[in-house]
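**Q** Have a look at the structure that comes next, please.
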Amino acid sequence: MKKLIAHYSWSGTTKKAAQKLAKKEGADLLEITVPGHVYELGMRQVADLAISQLENKEYPVIAHDQVPLVSYDQIIVAAPVWSGEPAVPAYSFLNANFPGFYNSMSKKPTITAFFDV
């Protein structure tokens with residue numbers, strides 16, 4: 001089974017976990033980034049910005065290498081949790097690559113967290 005781990009990391013912790021999991025699972029890695037100025041604020045300001053972005057469905061522009069996602073059997077998206085929600089860049093990635101995945105605050109996808117890496 002061909003696996004991809006797409007990850008966004010604000011502080012580097014999620015990136016380390018994604019790298020460890022990719023090594024364990026033999027998965028490819030795809031780093032999701034946002035323009036440097038978007039989240040250069042302190043943690044509380046980033047949390048407030050993220051809540052506003054989610055409420056207004058104003059997801060940040062993201063960047064990542066273009067890979068043919070259809071060539072993967074399993075795609076794992078890793079991101080930190082901000083104010084009880086996955087980091088907003090994860091939603092940007094999902095909506096860009098899987099339209100309609102998360103289009104309403106009242107229709108949340110099933111999110112499963114794995115911590116045994």
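**Q** Pairs needed: first member in the stretch 1-13, of a type in the set (S, T, N, Q); second member anywhere, outside any loop (DSSP other than H, G, I, E, B); C-beta distance under 9 Å; at least 6 residues apart or different chains.
**A** S9/K15; S9/K16; S9/A17; S9/A18; S9/E31; S9/A78; S11/M43
**Q** Which residues, counting only those in the stretch 18-48, are over 18 Å from the mean Cα position of the chain (by Cα), under 17 Å from P60 (Cβ atoms) and either part of a helix (DSSP H, G or I) or of a type in the set (S, T, N, Q) (or both)?
**A** Of everything in the stretch 18-48, just one residue is over 18 Å from the mean Cα position of the chain (by Cα), under 17 Å from P60 (Cβ atoms) and either part of a helix (DSSP H, G or I) or of a type in the set (S, T, N, Q) (or both), namely Q45.
**Q** Answer with yes or no whether A96 is at pLDDT 90 or above, part of a helix (DSSP H, G or I) and among the small types (G, A, S).
**A** no
**Q** Can you find a residue that is among the hydroxyl-bearing types (S, T, Y) and touching a helix residue (DSSP H, G or I) at 6+ places or on another chain (Cβ under 8 Å) anywhere in the stretch 43-65?
**A** Yes, because at least one residue in the stretch 43-65 is among the hydroxyl-bearing types (S, T, Y) and touching a helix residue (DSSP H, G or I) at 6+ places or on another chain (Cβ under 8 Å).
**Q** Right, here's the next one. Can you spot a residue in the stretch 71-86 that is part of a strand (DSSP E or B), touching a Ser or Thr at 6+ places or on another chain (Cβ under 6 Å), open to solvent by less than 40 Å² (accessible area, probe 1.4 Å) and at pLDDT 90 or above?
**A** So far as the stretch 71-86 goes, yes, one or more of its residues are part of a strand (DSSP E or B), touching a Ser or Thr at 6+ places or on another chain (Cβ under 6 Å), open to solvent by less than 40 Å² (accessible area, probe 1.4 Å) and at pLDDT 90 or above.
**Q** Restricting to the stretch 1-58, and then to whatever is basic (K, R) and over 17 Å from A90 (Cα atoms), can you tell me which residue is most open to solvent (accessible area, probe 1.4 Å)?
**A** It comes out as R44.
Rundown of residues vs (1) without any contact (Cβ under 8 Å) to a residue 12 or more places away in the chain; (2) over 15 Å from W10 (Cβ atoms), yes/no style:
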site	(1), (2)
P35	no, no
E40	yes, no
M43	yes, no
D48	yes, no
N56	yes, yes
P60	no, no
P68	yes, yes
S71	no, yes
I76	no, yes
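**Q** I've got another one for you. Among the residues of the stretch 59-70, which ones are in contact with a strand residue (DSSP E or B) (Cβ under 7 Å, 6 or more places away or on another chain) and either open to solvent by 70 Å² or more (accessible area, probe 1.4 Å) or in a loop (DSSP other than H, G, I, E, B) (or both)?
**A** Across the stretch 59-70, the qualifying residues are I62, H64, D65, V67.
The values are calculated or read from the model by the stated rules, or taken from the named source; none is laboratory data. Please read all numbers here as calculations on a predicted model, not as lab measurements. Cβ atoms come from the backbone with ideal geometry, glycine included; neighbour counts cover every protein chain shown. Only protein heavy atoms, including side chains, enter the accessible area calculation; ligands, DNA and RNA are left aside. Shrake-Rupley method; radii C 1.70, N 1.55, O 1.52, S 1.80 Å.
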